[in-house]
Amino acid sequence: MYTQAMDLMPKGDGKPSVPLSATEQQLLDRFEARIDDGAFVEPKDWMPDHYRRTLVRQISQHAHSEIVGMLPEGNWITRAPTLKRKAILLAKVQDEGGHGLYLYAAAETLGVSRDELIDQLHAGKAKYSSIFNYPTLSWADVGVIGWLVDGAAIMNQVPLCRCSYAPYARAMIRICREESFHQRQGYDALLVMMRDGTPRQRDMVQDAVNRWWWPSLMMFGPPDEASNHSEQSMRWGIKRISNDDLRQKFVDATVQQAKVLGVSLPDPELRWNEARGHFDFGPIDWDEFWRVVGGDGPCNRERLADRAQAWDEGAWVREAALAHAAKSTTQRKAA
Ligand code: FAQ
């Protein structure tokens, strides 16, 4: 089963389905007042069950995205064109693995285990970002992932540094610093190819931009009117800026960067709108988005199979680490 679309929690508006007791209502009122005051929530603080489940959903999807996101670029480590680019790419892919670990650790503070979350991913029951179901066909794709995919990730993740759930916010501060290096290395790789490369290399960059542009815009999630979680998540300070507003900020920032790079963005409707003070852009193919999210993108099957294989082949590492920990404990007790 390759779907990412199975529901792991009931849909709803966040309101409890059974009436609250007076004590529960008091706790809820106090919680919401703290959120309204801009306070952060720590793991041992009281929180509504729906707040906890929303965070587990979002943080685990985010963690899965980081570790599945290692695969498309990891595919190019052995084929990087120079030692310098190989070292940079190795470090970047390793960083993404680290981001996954910080995020699984943040999710664990909410009472789920990492094994449970990984099982859901491998069983095809959990979502991860749609973007990682597209193939990396050339070296330029690695640069474009840095520029556009990490660029979109940063735009979405900087507001998460102010997420009301403190362990998630803390993880995001470090992640954003690293993502910013990732974005720059991608842009730099593309700039070198566009400025000093051959016409074929420049065509390769343009082709990669053409293929990644629209999927990058989809990373921000469905339009606000179709985003069933946004209203409650914004009210609880989990999300700070809406999907559409972040998408618009990304387009506005990226158009100028494309100009410096010397590539065109594949959208005939992209133009500055003086009245809005933003770039207008053409319609996004939401059918494609939901198809990919539903498990039928170009690489969904491959990605999940690769993840499951890596998990199985890594079993000996987990067993060795546990055996080492048990031995160290015995030795410590005996000393
Ligand atoms: N792909 O109501 P909303 C990265 C789902 S990390 C798949 O708007 P929400 C680093 C959504 O889950 C990239 N599914 O949901 C890197 C929900 O389904 P559910 C990941 C998507 O949560 C770079 C349904 O649609 N970043 O790139 C997507 O309020 C390079 C309705 O949507 C994060 O996860 C999608 N694109 O807003 C690594 C950031 N969009 O759960 C390697 C944290 C939506 O009801 C290389 N997450 N869905 O079954 C968020 O900010 C939010 O969760 C959103 C979605 C904005 C993604």
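Rule-based calculations on the coordinates, nothing more; no lab input. Because the structure is a prediction, the values reported are computed rather than measured. Here the Cβ positions follow ideal geometry from the backbone for every residue, glycine too, while neighbour counts run over all protein chains shown.
Measuring from label point to label point, each 7 Å out along Cα→Cβ, what is the Glu269 to Asp245 span in nm?
Distance between label points: 2.3 nm.
Taking H as built 1.01 Å from N, whose amide H comes closer than 5 Å to the amide H of Val112, not counting residues under 5 places away?
none
Provide the per-residue ³J(HN,Hα) series for the range 209-215, in order, calculated from phi with Karplus coefficients 6.51, -1.76, 1.60 and θ = phi - 60°, each as a whole number of Hz, with x at glycine and proline positions.
After applying 6.51 cos²θ - 1.76 cosθ + 1.60, I find 4, 4, 7, 9, 4, 5, x Hz.
For the range 285-299, what does the Karplus curve 6.51 cos²θ - 1.76 cosθ + 1.60, with θ = phi - 60°, yield as ³J(HN,Hα) per residue in whole Hz, taken in order and with x for Gly and Pro?
Per residue, the Karplus-derived 3J(HN,Hα) values read 7, 5, 5, 4, 3, 5, 4, 5, 4, x, x, 10, x, x, 10 Hz.
Picking from Pro223, Met155, Phe289, whose Cα lies most toward the positive end of the charge dipole for the range 29-306 (charges on Cβ: Lys, Arg +1; Asp, Glu -1)?
Farthest towards the positive pole: Met155.
Please list the non-local residues whose amide H lies under 5 Å from the amide H of His278, H modeled 1.01 Å from N, same-chain partners needing a gap of 5 or more.
Distant-sequence amide H within range of His278: Asn273.
For each of Ile35, Ile131, count neighbouring Cβ atoms within 10 Å of the residue's Cβ, then give the residues from fewest to most. Please report the intermediate quantities before stating the final value.
Working: Ile35 18, Ile131 23.
Least to most surrounded, the residues fall as Ile35, Ile131.
Where a ≥ b ≥ c are the square roots of the eigenvalues of the C-alpha gyration tensor, would you call the chain rounded, which needs a/c under 1.5, or, failing that, prolate if a/b is larger than b/c, or oblate?
Oblate shape, in that a/c is at least 1.5 and b/c is the bigger or equal ratio.
Please list, in chain and number order, the residues 5+ apart from Val41 or on another chain whose amide H is under 5 Å from its amide H, with Hs placed from the backbone.
Long-range HN contacts for Val41: Tyr165, Ala166.
Determine the calculated [θ] at 222 nm for the chain from helices alone, applying -39500 (n - 2.57) to every DSSP H run no shorter than 4 residues and normalising by the residue count; nearest 500 deg cm²/dmol.
So the calculated ellipticity at 222 nm is -20000 deg cm²/dmol.
To the nearest 20 debye, what charge dipole does the chain have about its Cα centre, counting +1 at the Cβ of each Lys and Arg and -1 at the Cβ of each Asp and Glu?
Dipole magnitude for the chain comes out near 1100 debye.
When the Karplus curve 6.51 cos²θ - 1.76 cosθ + 1.60 is applied with θ = phi - 60°, which whole-Hz ³J(HN,Hα) does each residue of the range 316-328 get, with x for Gly and Pro?
Whole-Hz 3J(HN,Hα) from phi for the range 316-328: 5, 5, 5, 5, 5, 5, 5, 5, 5, 5, 5, 5, 4.
Considering lysine pairs in the range 29-306 that are 8 or more places apart or on different chains, how many have Cα atoms under 20 Å apart?
So the count of such lysine pairs works out to 4.
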